[in-house]
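So the structure is just underneath, and the comments pick up after that.
The values are calculated or read from the model by the stated rules, or taken from the named source; none is laboratory data. Quick caveat: nothing in here was measured; it's all calculated off a predicted structure. Glycine gets a Cβ as well: all are built from the backbone with ideal geometry, and neighbour counts include every protein chain shown. Please note that ligands, DNA and RNA were not included when accessible areas were found on the heavy atoms of the full protein model with its side chains. Shrake-Rupley method; radii C 1.70, N 1.55, O 1.52, S 1.80 Å.
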Amino acid sequence: MGMRAAESADGEIVVTEIQVNSAFAHSGINPGDVVIALNHSAVSGLDQLWSVLEAALSSTVLITVRQQDGELGSTQVLLPKGEGVRRIDRVKE
């Protein structure tokens, strides 16, 4: 899908990688940003993040993040169906 994330020890979903030429590459989301909400609903763990993103394939999802400077930002990302969803193991930082 083009974004990898990990769950920190305090339960925050931290973006760890944005793949070049992916749906997320030009979204303004960067490694280190914390995913706060998807489609105006709070995200409470990696399982929920991947479930919502997987259900949104072939459509647009609104992603709200807390950027590294503390500012909140939202962006719409069109999730192409063919890319699939890559899950990664929970990482405690």
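Here are a few things to note about the model shown:
- Identity of the residue in the range 53-82, open to solvent by 40 Å² or more (accessible area, probe 1.4 Å) and assigned to a helix (DSSP H, G or I), that ends up nearest to Val14 (Cα to Cα): Glu54
- Filtered residues of the range 60-85 (kept if more than 17 Å from Val43 (Cα to Cα), of a type outside the set (S, T, N, Q) and modelled with pLDDT of 50 or more): Asp69, Gly70, Glu71, Leu78, Leu79, Pro80, Lys81, Gly82, Glu83
- Taking the criterion of being among the small types (Gly, Ala, Ser), open to solvent by 50 Å² or more (accessible area, probe 1.4 Å) and in contact with a Lys or Arg (Cβ under 9 Å, 6 or more places away or on another chain), the only residue of the range 8-52 that qualifies is Ala9.
- Strands (runs of 3 or more DSSP E) fully within the range 1-47 counting 1 or more residues that are hydroxyl-bearing (Ser, Thr, Tyr): 13-18
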